[in-house]
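Engineer: Supplied in structure tokens, the structure appears directly below.
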Amino acid sequence: MRMGGICLFHGANNVSISGNSSFNIYWGSMGGGAWITFVDAAGRSYPVPEYLTSSYETFLKAINLMLQQDNEIARGQQRLIKRRMYDLCIDQGNQILPINGQESWSQVERDMKIVMRIPIWQEPGEINSKRTYCCPLLHCQLWNEDPSMGGTSTIDCKGCNSRFQISDLTGRETSEISSPIDISDLSFLRNYHLLSVSSELGHHHLGYMLNNHFNETAELANLDYAVNHYHKSIQLSSENHPSLSLTLRNVGQVLHKRFRHTGNIADLATAIDHAKNAIQLTAEGHPHLPACLSSMGLALLSCFHQTGDLGDLTSAIEHLQKANQLTPEGHPDLHAHLSYMGHALQSRFEQMGDLGDLTSAIEHLQKAIQLTPEGHPDLPACLSYMGLALQSRFEQMGDLEDLTSAIEHDQKAIQLTPEGHPFLPTYLSNMGFALVSRFRLMGDLGDLTSAIEHHQRAIQLTPEGHP
């Protein structure tokens, strides 16, 4: 008997209500009685009048109002809504229809039941060669046979008589789901939507999504989950599977990212191996090749910073140079490739002292910043790299304008980086060094005080044991 894993996910629906709403709505006050019934994630039913079903957005606001109650069950669901950890469906007994926007909302008719569900992912188990799923209710946890043996189905649990729907994870957009969370304090939940993860594509999607969630939360556990699922996808893929090179590239990027946060050199070595295999599997002219080359270049650059081996730096620049050459103007990844190339050239300047490398680094970074849209998550890193390059040129040439511009770039990088972001301490530290340089030149104690404050904050935000 084989048992799968279970983990809770976020849904896509999200509503924000300004002001303080209270649950004192008189449903019959504006035109008739119940038009439809809403069932919350705890299984509680609410009659909803027609005027609150006029549109999808209106109904989402109504859900917020209905759950503005002073009890733990309502507060728990409010937290789920705030973090987009739910989805909606029309429950017609023998048929479940998902609701994810105005178009699907138009199917809603009088006397229908709209159910709020908590999406979770689950690897199916297997008993006597039959696919099974574990009941998500914490007091039950019974494994039930899937009557459809795959695809979309509904299971009535034999242990607690609860009902939950099953869908294939690969059938959902990755933006509709998010990372695992602890549901041990949410024992009141009754309505679940199980997202089955059993194929190489499902594990790939899950790894991709978990990596994105790490970018938002900086929770390292998400990288661990992502690596595990990417590796499962690789194990399930044949050698000639069309998406294998993409999976290898992605898991290499995640391992490189984890190395940068933990300092585990084994992650970096494995990242380089995966990137190398991804390049070998990607044909010349394939649209994924520049990204594979860029991933390899970045990993080799980190290896150089770790070991000081100039061969790694030379190879990193060669890979990044080819990535830039193969990326056409207007491509959405061009700004990233330019930024990485600029950072690599600056690293070679610091090692070799060739001003041509520094000049070229600044040119690459200037173009990268120009091509990076406001609000893009890559922009702070581009600005920070530029700040470092300009400070290096100031130290070589003595031009105060370079130092002033370096501080401006560092400052903007910090302003655009949210609290809790893993790179914020680095940006703060870079700013501190630039302010110290200006203090030494100008003698302004305000710069020294500010530099100390930036370094102190960087230290406070750096986790214990961080390399």
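Engineer: Applying 1/(1 + (r/R0)^6) with R0 = 45 Å to the Cβ-Cβ distance of residue 288 and residue 309, what FRET efficiency is obtained, to the nearest 0.05?
Structural biologist: Computed FRET efficiency for residue 288 and residue 309: 0.95.
Engineer: Along the Cα-to-C-beta direction of residue 395, a point sits 7 Å from the Cα; which residues of the stretch 288-331 have their amide N less than 18 Å from that point?
Structural biologist: 305-306, 308
Engineer: Same structure, new question: Going by alpha carbons, how many degrees (0 to 90, nearest 10) lie between the helix axis of 310-326 and the longest principal axis of the chain?
Structural biologist: 60
Engineer: Let me ask another. May I ask for the angle, rounded to the nearest 10°, between helix 244-262 and the longest principal axis of the chain, with both axes built from Cα atoms and the value confined to 0 to 90°?
Structural biologist: Taking the Cα atoms of the chain, the angle to 244-262 is about 70 degrees.
Engineer: Another question, if that's okay. Beta carbons within 10 angstrom, averaged per residue: use that to sort the peptides 83-90, 153-160, 311-318, highest first.
Structural biologist: 83-90, 311-318, 153-160
Engineer: Work out the charge dipole of the chain with +1 on the Cβ of Lys and Arg and -1 on the Cβ of Asp and Glu about the Cα centre, then indicate which of 418, 115, 307 is farthest towards its positive end.
Structural biologist: The one lying farthest along the dipole's positive direction is 115.
Engineer: Apply the Karplus curve 6.51 cos²θ - 1.76 cosθ + 1.60, θ = phi - 60°, to the phi angles in the stretch 107-112 and return the couplings in whole Hz, x for Gly and Pro.
Structural biologist: Here the 3J(HN,Hα) series is 7, 6, 10, 4, 6, 6 Hz.
Engineer: Still on this structure, I have one more. Mean 1/r over all different Cα pairs, inverted: what Kirkwood radius does the stretch 363-457 give, in Å?
Structural biologist: 13.4
Engineer: Which of the GluC sites (Glu not before Pro) found in the stretch 371-467 are loop residues per DSSP with 11 or fewer other Cβ atoms within 10 Å of their Cβ?
Structural biologist: Filter output for the stretch 371-467: 374, 419, 464.
Engineer: What's the magnitude of the charge dipole for the stretch 340-467 around its Cα centre, counting Lys and Arg as +1 and Asp and Glu as -1 at the beta-carbon? Answer in Debye, nearest 20.
Structural biologist: It works out to roughly 120 debye.
Engineer: Show which lysines lie in cross-link reach of residue 367 when reach means a straight Cα distance below 26 angstrom and same-chain residues fewer than eight apart are skipped.
Structural biologist: List returned: 257, 322, 412.
Engineer: Continuing with this model, one more query. Taking only protein heavy atoms into account and a 1.4 Å probe, give the accessible area per residue of the stretch 328-467 in Å². Before the final figure, lay out the partial values.
Structural biologist: Working: 7250 Å² over 140 residues.
Per-residue accessible area for the stretch 328-467 comes out at 52 Å².
Engineer: What is the spin-label model distance, in nm, from residue 126 to residue 366 if the labels are put 7 Å beyond Cα along the C-beta direction?
Structural biologist: So the label points at residue 126 and residue 366 sit 6.0 nm apart.
Engineer: To continue, here is another question. In degrees from 0 to 90, rounded to the nearest 10, what is the angle of the helix 56-66 Cα long axis to the longest principal axis of the chain?
Structural biologist: Compared with the principal axis, the helix lies near 80 degrees.
Engineer: If contacts are Cα pairs under 8 angstrom and at least 6 residues apart, what is the relative contact order of the stretch 292-401 in percent? Kindly include the intermediate steps, with their values, before the conclusion.
Structural biologist: Numbers: 116 pairs, mean separation 21.5, N = 110.
It rounds to 20 percent for the stretch 292-401.
Engineer: For every helix of n ≥ 4 consecutive DSSP H residues, a contribution of -39,500 (n - 2.57) applies; sum these over the chain, divide by its total residues, and give [θ] at 222 nm rounded to the nearest 500 deg cm²/dmol.
Structural biologist: The helix-only estimate for the chain comes to -17000 deg cm²/dmol at 222 nm.
Engineer: When only C-alpha pairs under 8 Å and at least 6 residues apart count, what is the relative contact order of the stretch 212-349, in percent?
Structural biologist: 16 percent.
Engineer: Shifting gears a bit: Can you tell me the relative contact order of the chain? Whole percent, Cα pairs under 8 Å, sequence separation 6 or more. Provide the component values of the computation, followed by the final result.
Structural biologist: Numbers: 774 pairs, mean separation 43.0, N = 467.
Averaging sequence separation for qualifying contacts and normalising by length gives 9 percent for the chain.
Engineer: Which percent of the accessible area of the chain is formed by carbon and sulfur heavy atoms (probe 1.4 angstrom)? Provide the component values of the computation, followed by the final result.
Structural biologist: Details: 10840 of 22160 Å².
Reported share for carbon and sulfur atoms: 49 percent.
Engineer: Quick query: amide H of residue 99 versus all other amide H atoms, modeled in the peptide plane; which residues come in under 5 Å with a sequence gap of 5 or more or a different chain?
Structural biologist: Close amide H contacts, sequence-distant or interchain: 88, 89, 90.
Engineer: Taking a spot 7 Å from the Cα of residue 265 along the direction of its beta carbon, which residues of the stretch 275-308 have an amide N less than 13 Å from it?
Structural biologist: Within reach of a label on residue 265: 303-308.
Engineer: Please state, to two decimals, what the Cα-based radius of gyration of the chain comes to when divided by 2.2 N^0.38 Å (N = residues).
Structural biologist: For the chain, the normalised Cα radius of gyration comes out at 1.16.
The values are calculated or read from the model by the stated rules, or taken from the named source; none is laboratory data. Just so it is clear, the structure is predicted and the values come from calculations on it, not from any experiment. Methodologically, a virtual Cβ is constructed for each residue, glycine included, from the backbone with ideal geometry; neighbour enumeration extends over all protein chains shown. For accessibility, only protein heavy atoms count, side chains too; no ligands or nucleic acids. Shrake-Rupley method; radii C 1.70, N 1.55, O 1.52, S 1.80 Å.
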